[in-house]
Every structure is written in structure tokens, then in C-alpha cells.
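Computed from the coordinates by the stated procedures, all read-outs in this text should not be read as laboratory data. Nothing here was measured: the structure is a model prediction, and the numbers come from that model. A quick note on method: Cβ atoms are made from the backbone with ideal geometry, for glycine too, and the neighbour counts reach across all protein chains shown.
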Amino acid sequence: MIRSIVRGVGCALPRRSMKNSEFEAIVDTSDEWITQRTGIRERRIADADETTASLGEAAARAALDNAGLTPADIDLIVLATSTPNNTFPATAVEIQERLGMRHGFAFDMQAVCSGFVYAVTTTDLYLRGGQAKRALVIGSETFSRILDWTDRGTCVLFGDGAGAVVLEASEGQGAIADRGILAASLRSDGVHKEKLFVDGGPSTTGTVGHLRMEGREVFKHAVAMITDVIEDVFRQAGITAEELDWFVPHQANRRIIDASAKKLGIAEEKVVVTVDRHGNTSAASVPLALTAAVTDGRIRKGDLVLLEAMGGGFTWGAVLLRW
Ligand code: ACO
């Protein structure tokens, strides 16, 4: 059977780093409050010349280099983002053009912070269905552009960045020992749509809008939802938490990450954390964390890796793969 294996990873971050202390001059907050409540110490903020497309392109090129491939080897680009360069065309198409690709097809996926997990799961279906052979799956965001910089409850939490993987259709045995994506579980429930949303859009206000969030409400649901989809992929694959090598969760808040790992019985040393450096980069957070753990040599060929995310909608999902 066909398995979608990861051939390469890469990321790109804006030049400018913003430390917690810099918020003290903008809103009524402190480095101590942000660090204690979220685990975030700094995040990157895009300058005017850095966009979702430019960061996504740079992450895609890094992933191609890491895989030893060129754009000519790719026939599908899926970009997870909620902060596209334009309402349309899809920013994925702009990245396709920037990469000099005139073949294949490209589209955006919008599932907010779960976007990358949704995009990986969707791409896996295209590869297993024979619609494509090699795909770039990118998460790229410039959330700084949709933040209300007077709202201390949200502006301190988010950052900008991009990460990408190259997925390739490869022959597997249909066994748990196969490399590639082994199981996935996606969920959404629109009843929660007003707990985390952007208050603008082309069909309503005609404006881009700003991010609004009931942080405590999101927090309340996060751990249970994350646990639900992870237990589902464990069931599908017939494995337990002890068999995992690495847990790469969405990087929204250190307390959510720790509580989820604890509830699932995943040992602390198996959890990849980058929220301290990147803040919440929405759809970019999982591929940014993945790239960090691959680049520093933690994730190696044959390791069992669990990806997870939860975000606006709510949407949530998990993917289990062997590296
Ligand atoms: N600095 C100082 N005080 C603050 C700040 C700040 N930056 N922000 C809020 N506060 C205050 C509040 O006003 C409140 O004050 P009050 O008691 O006088 O009313 C107090 O701190 C406590 O507020 P809570 O919201 O209860 O604080 P909590 O411990 O829940 O932490 C946080 C807030 C960090 C937002 C937390 O709720 C959280 O992480 N929620 C989940 C957020 C999340 O993960 N979002 C991303 C989802 S993914 C996506 O799709 C984008």
C-alpha cells in the first residue's frame, strides 16, 4: 500500500524578534505574567516586506533543500494559513509561482491553528489516491497583521513564521513498522465559533478584522479535545503512549501542552516545545517545532512521531507517522 513519507523539513522566521518586556510599553502586562501563564518568552514579528507568501516560499525552499529535491520534483502544494496575502487567489498559488512551478496544482487550507494537521491529512489522501507523487505541505502565518495591539489578552500570545515538509508517496507493507503517515483523526465543531474568531471578512464587514478570543473558554476545551483525537489515532494504529518517540503538539500555551501530555501519559522528555521562542504561530507552529527537533537531531529515521493541533472553529486533529 502507498504511504506518505516525510522526505524533508524546513522553516523560515521573520528577522525581528519581540521579547515579552517590549509589550510592557504597549499594554498593561509584564514579562512575568506572560511567561508564567503561557511559557512564551519571545516571538518573531514580520516586517512589511515579510509576508505569508515570502515566509512560506522560504520554508518550502528549505524543505526542498533538506530533501535534496527541486520544485520540478513537486506536483502539489498545500498551504495551511488563516492569514493569506490576498483574499484570493490562494497564497499557495503565489508560492507556486515564486518557486517557478508551472506544473501541478496548489491550494490553501483554512483550519486556523489545526491547519497544518488538516493539510497533512488531506495531502496524504491525494498521495494515496494517486493524484500526486510529491507534495509540499506548508504552514505559514502572519498573525501579527490580525492582532488588536491594544488587547493584552491576545496580542502577547501570537507570532509569525512558516514551516514546511515534503511528503512523498512510497511503497509500504500496511504495517505499523512502515515509514510515513500511519493514522489521522480530524474534528471540528462550529458551535464554538465565537470563542476564537476574527471579527471581519470579505462577505461581512469588507475588512480584514482582528482576532478575538475568550482565552479561558479555549483553555477549558483544549485538553479534552486534543486527548480525544490522539486516543483515536492510538486506537487506529493499535499503539500506546509508551511506544511514541516524539510528541510535537501545537504550540499555543505551555500549560495546555503539559496538561495534554500528562493526561495521555506521554513522558515530558518526549515533548517538543518551541512556544517559548515562537509564541503561537497558528498553522506554522507544528512544522516549526518539527523542523527544530529534526534539525537538532532529536527526531530520527524510524521514530514514531505524533502531531496534534487545536484551534479556532473549534477545529482539532492528530496525525501519527513514522519518520
Ligand atoms: N497581562 C496581564 N494580565 C492579563 C493579560 C496580560 N497579557 N491578559 C489577561 N490578563 C488578565 C485578565 O484581564 C484577567 O484579569 P482579571 O482577573 O482582573 O479579570 C487575568 O489576567 C486572568 O485572565 P484569564 O483569561 O483567566 O487568564 P488565564 O490564566 O486563563 O490565561 C490565557 C489567559 C493565557 C489566554 C489562557 O486562557 C490561554 O492560554 N488560553 C488558551 C489560548 C489559546 O490556546 N489560544 C490559541 C488557540 S489556537 C488558535 O486557533 C489561534
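Using per-residue counts of other Cβ atoms within 10 Å, averaged over each peptide, order 169-176, 65-72, 268-275, 138-145 from highest down.
Details: 169-176: 13.5, 65-72: 15.6, 268-275: 18.4, 138-145: 30.1.
Going from most to least packed, we get 138-145, 268-275, 65-72, 169-176.
Based on DSSP H runs of at least 4 residues, each adding -39500 (n - 2.57), what is the mean residue ellipticity at 222 nm of the chain after dividing by all its residues, to the nearest 500 deg cm²/dmol? Kindly include the intermediate steps, with their values, before the conclusion.
Values: 9 runs with 99 residues, N = 323.
Estimated from H runs of four or more residues: -9500 deg cm²/dmol.
Which whole-number percent gives the relative contact order of segment 110-180, counting Cα pairs below 8 Å spaced six or more residues apart? List each step's numbers first, then the result.
Values: 65 pairs, mean separation 22.1, N = 71.
In percent, rounded to a whole number, it is 31.
Defining a contact as two alpha carbons under 8 Å apart and six or more residues distant in sequence, what relative contact order in percent does the chain show?
Details: 818 pairs, mean separation 82.9, N = 323.
That works out to 26 percent.
Would you mind pulling out the separation of the Cα centroids of segment 28-96 and segment 286-318, in Å?
Centre-to-centre (Cα) distance: 15 Å.
Run the numbers for residue 268 and residue 49: contour at 0.36 nm per residue of separation, minus the present Cα-Cα distance, in nm.
Working: separation 219, 0.36 × 219 = 78.84 nm, distance 3.84 nm.
Extra length from residue 268 to residue 49 when fully extended: 75.0 nm.
For residue 19, what charge total do you get from the other residues with a beta carbon under 14 Å from its beta carbon, if Lys and Arg give +1 and Asp and Glu give -1? Let's see the in-between values first.
Values: positive: 16, 41, 43, 44, 277; negative: 22, 24, 31, 32, 42, 276.
Surrounding charge for residue 19 is -1.
At R0 = 25 Å, how high is the FRET efficiency between residue 259 and residue 189 if r is their beta carbon distance? Nearest 0.05 is fine.
On the way: r = 20 Å, r/R0 = 0.80.
After rounding to 0.05, the efficiency reads 0.80.
Given Cα pairs under 8 Å that are at least 6 residues apart, what percent is the relative contact order of segment 2-171?
Working: 375 pairs, mean separation 61.0, N = 170.
Relative CO of segment 2-171 lands at 36 percent.
What shape does segment 149-278 take by its C-alpha gyration tensor, where a ≥ b ≥ c are the square roots of the eigenvalues and a/c under 1.5 counts as rounded, a/b above b/c as prolate, and the rest as oblate? Walk me through the intermediate numbers first.
On the way: a/c = 1.99, a/b = 1.67, b/c = 1.19.
It comes out prolate by the Cα gyration axes.
In segment 180-322, what is the count of Lys pairs whose alpha carbons are under 21 Å apart, counting only pairs at least 8 residues apart or on separate chains?
Details: 193/220; 195/220; 220/262; 220/263; 262/270; 270/301.
Going through segment 180-322 pair by pair, I get 6.
If we count every other residue with Cβ under 13 angstrom of residue 131's Cβ, Lys/Arg +1 and Asp/Glu -1, where does the sum land? Don't skip to the answer; put the middle values down first.
Details: positive: 128, 133, 134; negative: 75, 124.
Around residue 131, the surrounding residues sum to +1.
Gain in length, residue 107 to residue 73, computed as 0.36 nm per residue apart minus the alpha-carbon separation, to one decimal in nm? Walk me through the numbers on the way to the answer.
Working: separation 34, 0.36 × 34 = 12.24 nm, distance 1.75 nm.
Length gained, residue 107 through residue 73: 10.5 nm.
Calculated FRET efficiency, residue 36 and residue 203, Cβ-Cβ r, R0 41 Å, to nearest 0.05?
Details: r = 40 Å, r/R0 = 0.97.
Step by step, r from the Cβ atoms, then E = 0.55.
Under the rule of at least 5 residues apart or a separate chain, name every residue whose amide H is placed under 5 Å from the amide H of residue 161.
Correct list: 141, 143.
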